[in-house]
Structure formats: structure tokens, C-alpha cells
Amino acid sequence: MAAASSPAAAASASSRCFLRLCGAKGPRQGAPGRGQADPPGAAAAGPARTSRSFRMLSNSSMSSSFSSSRVGFRRSIATRRRAAPLRSLSRRRRGPSAPRPPLPPCPARPAPPGRRASRRAPRPPEAVVRRRGLCAAPCGPARLGSIRLRLRSPPGAAAMASVRAPAARGGARAPAPAEATKSKPAEESDAPPPKRAPIFYGSLEEKERERLAKGESGLLGKEGMKAAIEAGNINISSGEVFDLEDHMSERQAEVLAEFERRKRARQINVSTDDSEVKACLRALGEPITLFGEGPAERRERLRNILSVVGTDALKKTRKDDDRSKKSKEEYQQTWYHEGPRSLKTARLWLANYSLPRAAKRLEEARLLKEIPEATRTSQRQELHKSLRSLNNFCSQIGDDRPLSYCHFSPNSKLLATACWSGLCKLWSVPDCNLVHTLRGHNTNVGAIVFHPKATVSLDKKDVNLASCAADGSVKLWSLESDEPVADIEGHSMRVARVMWHPSGRFLGTTCYDHSWRLWDLEAQEEILHQEGHSKGVYDIAFHTDGSLAGTGGLDAFGRVWDLRTGRCIMFLEGHLKEIYGVNFSPNGYHVATGSGDNTCKVWDLRQRKCIYTIPAHQNLVTGVKFEPNHGNFLLTGAYDNTAKIWTHPGWSPLKTLAGHEGKVMGLDISLDGQLIATCSYDRTFKLWTAE
């Protein structure tokens, strides 16, 4: 490459080289550069490579143009304004993401002469443009900035082409050749900077201790060190170790705990069965689903919960469930505790009373079986014929409030009725005349029953009747006085029903406190307080032998109790709603229950199961009653204003006793089998007999 003949030629060549590298292909179209005229001598310096927005001035033109300070000042302003396109060209060459290099200060010494770049030389692979702005040094009224082109070329070619165009008031300054030789190897070397040794930041305490021990002054003098230590500016520890892990901030601990939790969550295996996931969430006490949550989100939620509470939580909950189930099973099992001595005496008495009656009943069953089948069939047909001919014999208004219960006397000549007004009345049968009005209750009377030996062998002054009311009171009555003979205290809640034991010694009461009680009237004390129902106990009945008691509760379950041992020998499960009526058949092995599910079920004590379900009524069944002598038919009453008669053992309907205008609340059958009584919510009771 030939050297430039003059500084002006070198400057012109350098400007042409720069414009070719930056992609300028010709004069740019636009308005002239802010009204400034072309400098004289620009056309003589070489081919025109200028545009209206940017003009490169040669050294000769600059030296001729800066003849006066005023003209030089105006030229410098024009040059400043025309430096902006160079900046944009430089940025466009580097790319939009390359940062702009800083502007180093202009050197005071003249720049070394550069080499002229050949036009035919190949375009270098990379060009880095470094621009220097106007210098503030006192080098005249204005100084044009210099442009340095640093070209990286393949090995073996020229590595650097540097063109400088300094301008001064008196002309161009020739650079010293020594400076050019010094700057050339520094610019041409592309070696990476040497690696510095790593700097460790820590305490200088040990070094200072060593220096103090050796007697050196250290960083400070001895006196200065002592003064700084006393002032508290320098702290030298006593050798204690400060553990950073113990003093970790709460935030860092939370972040570490969260990372550990996520790590545990990734290691937990969760079932892909959505039902199992829901079961696990339910066992953990969490909602099985959230709004808008899908199976995948549900599994992830379970995994996060298990990462917090641990996988053993499910095992613990399962163990707790098993324990609760076992405890529930143990709670449902019948448990026993030691009773009073009077209960043992009563049980022995009941056993001695019931066993002979059971033997007598079985003997009567054998004798009945010896009767020819034809005779038994004809007798049954005659009975059914008479039952189909039942009609309303008498209807009587019993009170000004609904009648809740009715019961025949053992001689079938008196009928006792209970009313919600608190009054109990005795009526002669069959003329239905009022005999006595028993006043003593203050609220709804639930039931009134005759003693099994009343009007037969019992004196009128003795206790002949018993009644109960909704306030928990139980009263005993005689046939001579209108006032109660005695009160039985002990119930704190509503007493629904009372029933005499066939022996007449014991009285059973059912209460809404989920229990029923057995009272010994000879000992005048409560001998049994029996629990077993989960809700209130509504009705009670005694076996004809006197050995068993049946209870029906509002929990839809019935129980049969052995009075001689205290055990529940049969659990009557099958009704869908409350049981309002229970009764034993005279044959000794059938039990009937009436429920709020409109059905009547017949249970067999021998098979310990329900043998038949009678769809009896269209509303809840209030009471059931077997024919008291032989159990030839079954009577039911309900809230559909009717009472119905059913065959035994075929359980087919025989007769519907319709006539009441309100619900049938109670019913009974006389011991002689001639009369049927029903009492109703319409305040009347009716007597039904065969024509």
C-alpha cells in the first residue's frame, strides 16, 4: 500500500474508506446541511463522496477555511451539527443491540499519520468505529474530532488502518514516528487480558494480631490502634465463633422449608383414581373438591397437603377410623351393670310367674291342633263373616278436645278414654253413658289403662287404672274417687304410654328420654331403668306369659326384652319411620308393629325376622291390636281416619271401619271379642259390633 502524498490526500482517502465500509453508495438525497456552502477546495481534493447532510473536510480545505477566527468558529459549529449522521452510521454498523462506546478525551499531542486504505482491498469481517468528540483543550477556536477505524482482518493481512484528520488553527501537525510504533503493537494485539488473582474478602483480624505480636505498626500505629480500639472503631473478638446457621433469618428458613416441602411433594405417590383421592381428602378433613377443580388439580392439592402433614397422616386417620368404628360397635352392643337387689327379686318372681303360663299356653296350642282342620276352617270362616258385618254401633262425643286413647275394662263393661284436655273419663258399655271423670292431669293425657284384675277381682278402692301425660306425670286411680290415688315421680320428659304387666304387679312406662322403666307397685319403687333406643320410646307391650316386653321407638327400631334376664333377645329393624304401636299375639310368637311409614309389620320370634309387611294405610299407623283371646285377627288404626281388620295368619283385609272425621288416635278390642272401640281427633269415640 502506497503512502499518502499529503495530509489532505490521506484525509480524503480515509473519508472515502469510511463511507465505503459503512455502506454509503452515493450522495444522499435531502436538503443542504443547514444552509452552509461547500468549502472551497473540496472539489480539488478528490472525487465527490459527500452528501447534503454529511460532508467530510480534508486537511487542506480545513487549513484554508480556518483563516479567520469567525469563519473557523462557524465551520466548527457546522461540523458539530454534521457529526450526528456519523453517530447513526456507526450504530447501524454495529447493530441495534450493541452499546455505544464511551467517548475518550482528545489527546493534546498530534495523531500519527495513518496508512491509506486500498479501494480494492477485501471488506474486513468486522469493523469497530471509535469516535472522539470535540475537544475542550485550548487548541484554537474549534477543533474537529478525529475518527479511528480499527479493522480486524485474517492472519497475514494488515491488522489495522488508522486514519486521523486533526485540524488546527495553523494547519496539520505531523505525528512523531516513535509514537506510531508504540501504539501499533498495542492496537494490533488481540490477546485476552491476563487473569487476576482472586480477591478474598474477610477479616484482617488475624493479620493484625500477628503484626501486633511482632511489634510492627500494622495498618495503624500502636498508639493509633489502641486509641481506635478504645474508641470502639476497631473490634477484635475474643475468639468466639459466630454460627450463621443459628442466626438465619426467618425468611430464609421459610424459603428453605418451602423447597424441602416441594421436594417431599415430588417424592409422594398419589393414586390416579379420583374416588380414592377424594376419600383421602375426606379422611384428612379437607374438602373433597373446590370450585372449578379438576382431578389433576385435586391430586396436586392432595400431594401438597401430604407434603405438609406427612404420609403417615392417612395411616393415622385410618387407625382413628377403625378405632371409632370399634367404639361405635361397642357402644351399639348391649352392656350390663349390676342392679339393685329388688331387681333380682323381681326377675325371679317374673320367671316363676311366666313359666307356668307358658306351659299352659303351649298345652292350649296342642289341644287346638288336635281339632280337625275342617272344624278349625269352618270356625275361622264364621269369624271372618261376622267381622265383615261389623257396623258402627255407637258414636259419642268424649270431650271438647281430641281423644288420644281408649281401653276396655277386663269385664268389657267400662271404657276409659284419655283426652288432650287433661281429663280421663269412664263410660258404660254399650250404652255409652258417663260414669266417672278423673281430674288430675294438667296437660295432654297420652294413655289410660285398666289393671288386669280391675272390675273382676280387685276392690274399687284399690288401684284400678293408670294414666300418663306429656308433662312426665304418671297417676294411679281407683274406681271410687275422682282424684288420683298416687303419683309416680321420676320422669322428667314426656311419658307417651303406660302398660300393666299381665300379673298386675308391675307397670311399664315409656319416655322421650330414650328409655323405658319398670315400676314395682308392691315395693313402690323403680326396679328397672332400661336404655337402648337412640330416640324417644313411644309404645310398650307385654307378652301374654309375662316373660317378655316389646318397645317401639321414634328411631324406627323395635326391641324385644327378656324381663327374666334383662337381655334384648330381638332387634326389630325394617321400618323406615317411627314405630307408634307394638302388640304381642296370644299365640306367643307373633309381634305386630305399626309405623309412620304407613305399614304394619309382623315379626316371628321363633325365626327372629319379619315374616310379612302389610301396606295397611295411606297415612301413619297409630296403633295395632291382636284379638286378645286367640289372636284370630289384627286391628290397625291410622291417620287416614280409618281402622282396618286383617286376617291372621293370612294378613288379608277383612273390614275397613270408616266413619271418623279425623285421625284415629287409639283403638281397643274387648276381652269377650264383641266390641271394638276407636277414638279420634274429631273428639268422638265409636263402638263397632257385628249385626
Residue that is farthest from SER595 (Cα to Cα) [pool: residues in region 556-575 that are open to solvent by 20 Å² or more (accessible area, probe 1.4 Å), in contact (Cβ under 8 Å) with a residue 40 or more places away in the chain and in contact with a strand residue (DSSP E or B) (Cβ under 8 Å, 6 or more places away or on another chain)]: ARG567
Residues being free of Cβ contacts under 8 Å to residues at least 24 places away in the same chain and touching a strand residue (DSSP E or B) at 6+ places or on another chain (Cβ under 7 Å) - total across region 653-679: 3
Considering only region 622-681, state which residues are small (Gly, Ala, Ser), open to solvent by 10 Å² or more (accessible area, probe 1.4 Å) and farther than 26 Å from VAL445 by Cα. GLY650, SER652, GLY673
Can you report the number of residues in region 262-309 which are part of a helix (DSSP H, G or I) and either under 14 Å from the mean Cα position of the chain (by Cα) or of a type outside the set (Asp, Glu) (or both)? 27
Do we have any residue at all in region 357-366 that's closer than 30 Å to HIS533 by Cα, small (Gly, Ala, Ser) and either touching a His at 6+ places or on another chain (Cβ under 7 Å) or modelled with pLDDT under 90 (or both)? no
Those residues of region 476-534 which are under 48 Å from the mean Cα position of the chain (by Cα), of a type in the set (Phe, Trp, Tyr) and over 24 Å from TRP349 (Cβ atoms), in sequence order: TYR512
Pairs, please: C-beta under 6 Å, at least 6 apart or cross-chain, first residue farther than 13 Å from LEU306 by Cα and in region 274-292, second assigned to a helix (DSSP H, G or I)? ASP274/PRO295; ILE288/LYS278; ILE288/LEU281; ILE288/ARG282
Considering only region 529-544, I want to know if a residue exists there that is under 20 Å from ASN587 (Cβ atoms) and polar (S, T, N, Q). yes
In region 243-255, is there at least one residue being modelled with pLDDT of 75 or more, assigned to a loop (DSSP other than H, G, I, E, B) and within 34 Å of the chain's Cα centre (by Cα)? no
For strands (runs of 3 or more DSSP E) lying entirely in region 449-542, having 2 or more residues that are more than 26 Å from ASN411 (Cα to Cα), open to solvent by 40 Å² or more (accessible area, probe 1.4 Å) and touching a residue at least 24 places away in the same chain (Cβ under 8 Å) picks out 525-531
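The values are calculated or read from the model by the stated rules, or taken from the named source; none is laboratory data. Since this is a predicted model, take the numbers as computed values, not measurements. Reconstructed Cβ throughout: ideal geometry from the backbone, glycine too, with neighbour counts over all protein chains shown. The area values use the complete protein model at the heavy-atom level, side chains included, leaving out ligands, DNA and RNA. Shrake-Rupley method; radii C 1.70, N 1.55, O 1.52, S 1.80 Å.
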